[in-house]
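Trainee: Just dropping this structure here.
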Amino acid sequence: MMTPDNSDPKPSSRKLGRLKRRAEFLRAASKGRKAVATGLVLQALPRSDDQPVRVGFTVTKKVGNAVVRNRTRRRLKEAARLLLAEIDVGSVDLVLIGRDATRGRKFTSLVEDIRRTLTKAGVT
């Protein structure tokens, strides 16, 4: 619920903007910056508008069956949600690619991987 001054009462309750179309993922892959960590690969593409950050998640079939891939994707989503609630990255499209190491990685290490790749890609 919004407060009367139209500000968000809890920054951590904000939903992330989502990348949904294949073309958006491909644009980030071809024109964006790439940063690799043990638990994930991040692709970042700055935008020129004033809209909030948009995030897309993908996990390849190399990681495992559908159940394993979805669990990996959910871990990435939650780690990104927590981290992006506390730091402002501006107007950027982010693609987080899950790796085989993502599913077995400690959650705190996964959050730090995202933080580190955001810095490597020049987003923060």
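Each reported figure results from applying straightforward, stated rules to the coordinates on display, with no laboratory input. Keep in mind that what you see is a predicted model, and the values were worked out from it rather than measured. Cβ coordinates were reconstructed from backbone atoms using ideal geometry, including for glycine residues, and neighbour counts include every protein chain displayed.
Trainee: Separation of segment 11-72 and segment 76-110 by C-alpha centroid, Å?
Mentor: Rounded to whole Å, the Cα centres lie 9 Å apart.
Trainee: Give the angle, between 0 and 90 degrees and rounded to the nearest 10, that separates the Cα long axis of helix 66-86 from the longest principal axis of the Cα atoms of the chain.
Mentor: Roughly 40 degrees, rounded to the nearest 10.
Trainee: Give, as ranges by residue number, the residues of segment 68-82 whose backbone N falls under 20 Å from the point 7 Å along Cα→Cβ of THR119.
Mentor: Counting backbone N atoms under 20 Å from the label point, the list is 79-82.
Trainee: Looking at (i) 61, 23, 10; (ii) 24, 17, 14; (iii) 38, 15, 13, which value of semi-axes √(5λ) of the Cα gyration tensor in Å comes from a calculation on the structure shown?
Mentor: Recomputing semi-axes √(5λ) of the Cα gyration tensor in Å here gives the entry labelled (ii).
Trainee: A follow-up question, please. With Rg and the Kirkwood Rh both taken from Cα atoms, where does Rg over Rh land for segment 37-97?
Mentor: Radius of gyration over Kirkwood radius for segment 37-97 works out to 1.01.
Trainee: Measure nothing fancy, just the Cα-based angle from helix 107-120's long axis to the longest principal axis of the chain, in degrees from 0 to 90, nearest 10.
Mentor: Taking the Cα atoms of the chain, the angle to 107-120 is about 80 degrees.
Trainee: At 0.36 nm per residue, and after removing the present C-alpha to C-alpha distance, how many nm does the segment from ASP88 to ASP49 gain when stretched out fully?
Mentor: Stretched out fully, the ASP88 to ASP49 stretch lengthens by 12.5 nm.
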